[in-house]
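What follows is a single structure, written as structure tokens, with notes after it.
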């Protein structure tokens with residue numbers, strides 16, 4: 001049975017205060033003009049930890065329907081994706097040892113004074129609009145919104161894992177969104193959404209394009225200009241038998257999304273460091289952009305839940321990874337892992 005193994009103690013990486021609202025490096029301060037501001041209530045079935053994958057999925061969908069105001073058609077579309085997989089969910093419930101309970105997550109956020117703002121421009125809860133303050137833009141210029149939390153996109157819910165990039169894209173589509181483009185995720189993390197034409201060298205091979213991007217990138221983390229793993233969900237552990245990735249031996253021992261109030265970008269986006277790494281779309285040419293209805297190659301970003309003890313790769317907002325497990329985004333054999341999830345974006349209606 002899945003448990004929250006550290007439920008009686010706060011992990012050493014726990015933040016002691018809420019994130020600062022001051023802008024850094026030209027990043028936007030949190031908005032005070034949203035229509036709806038509220039402390040998140042307990043999730044439905046907050047203390048329910050099912051022992052089978054089917055039960056786990058059904059409980060997750062019930063929470064999604066209530067908190068995200070999904071209709072029956074959207075829930076049916078999510079069912080359609082999930083029922084084709086034997087592993088997509090919130091980790092293998094027989095071996096998961098979650099690093100924190102949902103209730104503990106909620107209590108930590110309440111103690112830190114976390115307030116949810118619903119942005120009308122995004123057309124739904126738990127999303128943040130993105131823009132480029134370095135170019136003098138404001139929220140009114142936003143053309144895209146991003147989920148503040150890893151999918152299912154609900155605060156204090158466990159991220160979906162063991163999901164391929166194709167399944168991630170289809171699940172975003174099921175709820176009226178799309179998988180994020182790499183530069184959108186980077187901009188949400190760094191506090192400035194830069195123009196796509198400046199963020200990709202489409203005429204170059206992927207390896208050379210990545211090298212050029214990384215060489216000239218701004219180095220910054222969502223929470224500030226200095227790396228500090230204590231601020232994010234990086235203090236969990238691998239399952240004892242997890243030497244190579246496998247559903248039966250590797251638990252998705254994550255934290256609930258948003259459990260670390262300081263691990264937040266200036267746009268209010270959580271967990272872009274730690275918890276789960278994330279699938280997204282890497283446009284290999286201009287018409288691969290998600291905002292153009294396209295799909296390019298695979299890209300994975302973000303660190304994961306044991307990163308404090310095993311720093312596997314570079315972790316800053318705008319760093320682009322090598323072509324790990326590279327396929328087309330919509331390939332049927334794209335990569336899946338116990339510490340790999342995703343989040344969605346949504347184009348703003350003009």
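The values are calculated or read from the model by the stated rules, or taken from the named source; none is laboratory data. Computed from a predicted structure; not experimentally measured. Because the Cβ atoms are built from the backbone with ideal geometry, glycine has one as well, and the counts that use them run over all protein chains shown.
Tabulated data
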quantity: Any hit, the range 89-100, residues being surrounded by fewer than 20 Cβ atoms within 10 Å (Cβ to Cβ), touching a residue at least 24 places away in the same chain (Cβ under 8 Å) and part of a loop (DSSP other than H, G, I, E, B); calculated: yes
quantity: Qualifying positions in the range 104-154 - more than 19 Å from residue 194 (Cα to Cα), part of a helix (DSSP H, G or I) and out of contact with any strand residue (DSSP E or B) (no Cβ under 6 Å at 6 or more places or on another chain); calculated: 104, 105, 106, 107, 108, 109, 110, 111, 120
quantity: Single residue of 331, 257 found to be in contact with a strand residue (DSSP E or B) (Cβ under 9 Å, 6 or more places away or on another chain), farther than 22 Å from residue 224 by Cβ, assigned to a loop (DSSP other than H, G, I, E, B) and at pLDDT 95 or above; calculated: 331
quantity: Among the candidates 197, 208, 186, residue that is at pLDDT 95 or above and in a helix (DSSP H, G or I); calculated: 186
quantity: Single unsatisfied condition, residue 199 versus (1) within 29 Å of residue 155 (Cα to Cα); (2) touching a helix residue (DSSP H, G or I) at 6+ places or on another chain (Cβ under 6 Å); calculated: (1)
quantity: Exclusive hit being over 22 Å from residue 165 (Cβ atoms) and touching a residue at least 24 places away in the same chain (Cβ under 8 Å), set 270, 255; calculated: 255
quantity: Selection within the range 309-333 - surrounded by 15 or more Cβ atoms within 10 Å (Cβ to Cβ) and within 18 Å of the chain's Cα centre (by Cα); calculated: 315, 316, 317, 318, 319, 320, 321, 329
quantity: Residue in the range 242-249 that is in contact with a strand residue (DSSP E or B) (Cβ under 8 Å, 6 or more places away or on another chain), more than 15 Å from residue 315 (Cα to Cα) and modelled with pLDDT of 95 or more present; calculated: no
quantity: Per-region count, the range 291-310, residues free of Cβ contacts under 8 Å to residues at least 24 places away in the same chain, in a loop (DSSP other than H, G, I, E, B) and touching a helix residue (DSSP H, G or I) at 6+ places or on another chain (Cβ under 9 Å); calculated: 2
